[in-house]
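Taking it in order: structure first as structure tokens, then the write-up.
The values are calculated or read from the model by the stated rules, or taken from the named source; none is laboratory data. Because the structure is predicted, anything quoted here is derived from the model rather than measured. Ideal geometry is used to build each Cβ from the backbone, glycine not excepted, and the neighbour counts take in all protein chains shown. Quick note on the areas: whole protein, heavy atoms, side chains included, nothing else; ligands and nucleic acids left out. Shrake-Rupley method; radii C 1.70, N 1.55, O 1.52, S 1.80 Å.
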Amino acid sequence: MNESLTRTLEEVSKSNDVNESMKSLNLELNSYFSLLLELLAESITNYHEGYDYDNLKKVASYIKHIYNKLKLTSKSSYRGEILSLLRLYKRMSRCSDVEDSEVFKVISDILASLLDPNLNKPEPLPLNESPLSTLLVEGIFGSRKLEYVDKILKVDNNLINIQVSNTPLFILVLDEYLNEILNKDNYLISYYERVINKFLINEAFNLDTNLQNTSINLIIKFINNNELDSKTIIKLKKIINSIKDKSDIFSICDISNINIKPNELELEKINRDKNIRARVKLNDYVVTIDDEGTKVLDDGLSVSFLENGNVLLKVHIADPLASLSYNSEVINDAKNKAMTIYLSDKQIPMIDYKFASDDFSLVKGQDRYAKTFCFECDKEGNILKKYFLNTIINVKERASYKSINHDYKIGGKSREQEKVFTFLENFLNKLQIDFKKVERFIKYEADLDILESRNKVGSFATNLVTYTMLLTGKSVAEYYDENNLPYLYRCHELDDINIKLISDLLLNPDNLYYKKTLANLRGNTPKSFYSRFNCGHYGLGFKDYSHITSPLRRFSDVLNMHILNETYFKGIDDKVLKELELEIDKVAAILNLERNTIEDYVITYEKKITEKKSKLT
């Protein structure tokens, strides 16, 4: 018992009435009432420490006296605590091995009279609960002493699976935890987190599918209905991840849609980092090209004609790391998700949708941070020079594939646009010759790999975007390979059988043969993967290749932007290089594992959606 409780009990025992005791302690009515309640709770928790329980009867009578003087709002606020104490004392009064059971009954009667006359009636134990199980419930919610809970579970560990009024004990604990989050009571939040952890690590805890789904849905509903800070969401996601193994596919979809949102301080923090080379403010006519309904815009293009007669093509990629530290909670959450998942009826974003589509996306008319990859070319489209910049850009035109194809078909809406299209046509023709394997491989990937199907070939606009993005990923990978610096490569290796199958596929455009060869490839061809060690990308025909053009959709691109910041823009530091190697290996393992998990998830989800639709029809 702490000092204040000891002194309170002494003053109660010496005093003749409640006012004398309260005056000697120099306490206000509410503070004194709270101490008396705490004193009763402490006496139950430490029952074997030899209290004078006759004095506790006086404490209870004082509680009754003060309660009648409290304002209605104060009475309401104490009701839950009184009820918990009442239940605890009632249970103890029924236990035959408790010497002072008669004293406990007197105290419980006094407490009951504060709440409702009907509560004085004996409260029968539920059929599925023993005295020990009810003591466990009161230990968790009444005295809130984990040592007390541990002692009970040592006697019978299976008590952790009991139900109270047909509700699993774990759900009651979870519900109390969520309520304390709203009450912002840090002590009780921490307490219930420890209780939840005791459930989750207990080998006897029967976390069946129904209980998992109920728990997860309770947490998801809580997150969706309340404004929570990122640390709280991360804690709740950890609890979800600990219980989600057997939950149904739709619950998993809802879990994945929980996103960590950056706060304003977090968004501003990295902007004050002076170690990153100053950003270049560009006034280029930047155009984004995507589907008309697309909200998350990762990339844009601009073309400038130089005085020396050359042309400067710039590929602008949204840069979330200009606003967020790589070690921020938002980025760590994105790392665990690995990528945005596209389903038939929804998307599960890697980064919170609002920030991905508004704050980081290359929105027309708004200044945005970007990584700009520059390619100086001659008029025929041959690349003469490559370099990269940290920039601030402002998109001037939000175009669609359809609108660009239309303008290209009519030869441009102006002389300037005609000039740009002429260069881009030459540039694209040159790329298509250099990247001769690309078109067939992209079609092959789209058939075999649901996660790679965003790449498109066909029209001028889709070819322009696809090939410039491939060029960017290839060029950055070349820089790191040539300079022997750590980097996350996108690799694709084939054995001799696979090489022959794909070679035949590329050389025989016949549709029937194509389908037949695809069928052979399905079970035999290794998929692309991530690695710190550059194995080349056979399917694309690239010696070096990486992902860096979709940082709002794929975490591999975020990591490679981080590597650019730490090496290309800051300079070489041996300690940093070692740290990057470890991080690359860690992320590659996560992404390669998550890829298979996500593929299985998408296939299962789409199958379930189809089944649901067929039932409705």
Sorted by chain and number, the residues with a modelled amide H under 5 Å from that of residue 400, at a separation of 5 or more or across chains, are 290
Leaving ligands, DNA and RNA out of it, work out the accessible area of residue 554 with a 1.4 Å probe and give it in Å² to the nearest 10.
60 Å²
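Counting other Cβ atoms within 10 Å, which trypsin sites (Lys or Arg not before Pro) in segment 302-387 have at most 14 and lie in a DSSP loop? Provide the component values of the computation, followed by the final result.
Values: sites: 314, 335, 337, 346, 354, 364, 368, 371, 379, 385, 386; in loops: 346, 379.
Here the trypsin sites (Lys or Arg not before Pro) that fit, given the DSSP loop and packing criteria, are 346, 379.
Using only Cα atoms, what Kirkwood radius does segment 309-358 have, in angstroms?
Numbers: mean 1/r = 0.0766 Å⁻¹.
Radius from the Kirkwood sum: 13.1 Å.
What GluC sites (Glu not before Pro) in segment 190-238 are in a loop by DSSP, with at most 14 other Cβ atoms within 10 Å of the Cβ? Walk me through the numbers on the way to the answer.
Details: sites: 193, 203, 227; in loops: 203, 227.
In loop regions of segment 190-238 (DSSP not H, G, I, E or B), the sparsely surrounded GluC sites (Glu not before Pro) are 203, 227.
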Given the pairs 154/235; 237/612; 23/198, which span a C-alpha to C-alpha distance of over 32 angstrom in this model?
23/198
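At a 1.4 Å probe radius, carbon and sulfur cover how many percent of the accessible area of segment 1-40? Spell out each step's value before the answer.
On the way: 920 of 2170 Å².
For segment 1-40, the apolar C and S fraction of the accessible surface comes to 42 percent.
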Extension gain, residue 194 back to residue 485 (0.36 nm per residue minus Cα-Cα distance, nm):
100.3 nm
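Could you estimate the translational diffusion coefficient of segment 127-186 from the Stokes-Einstein equation, with Rh from the Kirkwood formula over C-alpha pairs, at 37 °C and 0.692 mPa s, in whole µm²/s? Working shown, then result.
On the way: Rh = 12.1 Å.
In µm²/s, the coefficient is 271.
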